[in-house]
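What follows is a short report on a single structure.
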Amino acid sequence: MMHTYRHSAPFELENGGVLQDLTIAYHTYGTLNADASNVVWVCHALTANSDVADWWPHTVEAGCFLDPDKWFVVCANIIGSHYGTTGPLSINPATGEPYYADFPLVSIRDMARAHSLLAAALGIGRMHALVGSSVGGFQALEWIAEEPARFDKLVLIATDAKASPWTIAIDETQRMAIRADAGYGQRRADAALDGMAAARAIGLLSYRGPGGYNRSQADAPGAAPAPGEHRACSYQRYQGEKLCRRFNAYSYVSILNSFDTHDIGRGRGGVEAALASIKAETIVTGISSDIIFTPAEMRLLADRIPGAVYAEIDSDFGHDGFLVEHARLNAILKPFIEKIRQ
């Protein structure tokens, strides 16, 4: 069940803007124990939402690493998203109309600060574990860099300490597709959906990579489809249309813009210094075929965090392996989260 928290004061953004009215949507699973020692906070990725059980199959289940019989699992929808937290379709108090393209720049650091506000409102102090995959890992790193003493364990999956030129280029290519749609800039919720569908199709190429496509989208043996009717073609169109049924182009651009702001070292003496300040017991999990956050980058991330361990999932499904390979992920993360530090 989704809950909402409304912040009672203006929320100042890192870039200098202000959200006069900040609402945060969030989900919880399980029961908070008597001494509040069983909190596991999950930070979600790009177009996901706060309902972890919906977008991360076979994780919020008995016997899995987010077992709601053991843990009080919390996930908050990020600022700028489409799923209940203040974003481009929210009403701008200054105009009485939705922000649309006028929504201010929100940094990953702003998202982490919003999580901290919600945790305080829920009466949650120190937490057993902080979990983040992909853009969720960006948020987790920003939060733990700001409040290193708050978390006992840190779980990072397919992520990095700073947005790289490669990942920013992927984002910009998607933004170009959206802005090439003549509807972008129109003040309506369904503006530029064709552009967003194309952007999603572009993004999927990097999420899955050649191994994932060649394994799952091959035409039937002997088939000779007409141009544009190959299985891979229909898959691209389907995924674009699927996102258009549940998201909006202004939120998509807003979150891509936020992605590009990520740099845990900004104002903290650089990436290495910021990572060296992490005291939580940490596991970094890479995916063998990930071309967004490569295994080499994941190993370097683990090397820079004191005492961190590295694990790798062997998968053909690229970056999306963290969503697909739930059995392997549970095998790695369940014992890590359940082990009590001596």
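The values are calculated or read from the model by the stated rules, or taken from the named source; none is laboratory data. As the structure is a prediction and not an experimental result, all values here were calculated from the model. Neighbour counts are summed over all protein chains in view; Cβ atoms, including those assigned to glycine, are modelled from backbone coordinates with ideal geometry. Keep in mind that these areas ignore ligands, DNA and RNA; they rest on the heavy atoms of the full protein, side chains included. Shrake-Rupley method; radii C 1.70, N 1.55, O 1.52, S 1.80 Å.
A few points about this structure:
- Sequence-distant residues sharing a close amide H with residue 75 (under 5 Å, placed H): 27, 42
- Amide H contacts of residue 122 (H built 1.01 Å from N, under 5 Å, at least 5 apart or other chain): none
- Computed log10 I(q)/I(0) for segment 67-122 at 0.17 Å⁻¹: -0.65, from the Debye equation with unit scatterers placed on every C-alpha and solvent omitted.
- Using 0.36 nm per residue and subtracting the Cα-Cα separation, the extra length available between residue 237 and residue 215 on full extension is 6.1 nm.
- Straight-line cross-link partners of residue 242 among the lysines, defined as a Cα under 30 Å from its Cα and at least 8 positions apart when in the same chain: 162.
- The per residue volume of the convex hull around the alpha-carbon atoms of segment 1-134 is 108 Å³.
- Treating each Cα of segment 189-272 as an identical point scatterer and summing with the Debye formula, the log10 of I(q)/I(0) at q = 0.13, 0.22, 0.24, 0.27 Å⁻¹ comes to -0.58, -1.04, -1.13, -1.26.
- 18 Å Cα-Cα reach of residue 334 towards lysines, excluding residues that sit fewer than 8 places from it in its own chain: 70, 153
- Across 39, 18, 253, mean-square fluctuation computed from a Gaussian network of the chain (C-alpha pairs under 10 Å connected) peaks at 18.
- The chain - Rg (one decimal) and Dmax (whole number), Cα, Å: 19.8, 64
- Across segment 268-282, computed HN-Hα scalar couplings (Karplus, 6.51 cos²θ - 1.76 cosθ + 1.60, θ = phi - 60°) run 10, x, x, 4, 4, 5, 5, 5, 5, 7, 6, 9, 5, 5, 10 Hz from first to last residue, x flagging Gly and Pro.
- Highest mobility in the GNM of the chain, judged by mean-square fluctuation with C-alpha springs under 10 Å and restricted to 120, 189, 161, is found for 120.
- Couplings for segment 246-252, taken from phi via the Karplus curve 6.51 cos²θ - 1.76 cosθ + 1.60 with θ = phi - 60°, read 10, 9, 9, 5, 5, 5, 4 Hz in order; Gly and Pro are left as x.
- If R0 is 41 Å, the Cβ-Cβ spacing of residue 69 and residue 20 corresponds to a FRET efficiency of close to 0.50.
- Measuring max minus min along each principal axis, the C-alpha atoms of segment 198-327 give extents of 56, 35, 21 Å (largest first).
- Stokes-Einstein diffusion for segment 131-210 at 37 °C, viscosity 0.692 mPa s, with a Kirkwood radius from C-alpha pairs, works out to 224 µm²/s.
- Across segment 210-219, computed HN-Hα scalar couplings (Karplus, 6.51 cos²θ - 1.76 cosθ + 1.60, θ = phi - 60°) run x, x, x, 5, 5, 7, 10, 10, 6, 5 Hz from first to last residue, x flagging Gly and Pro.
- The chain - percent of accessible surface contributed by carbon and sulfur, probe 1.4 Å: 54
- Take every Cα pair under 8 Å whose residues are at least 6 apart in sequence, average their separation, divide by the length of segment 30-76, and the relative contact order is 52 percent.
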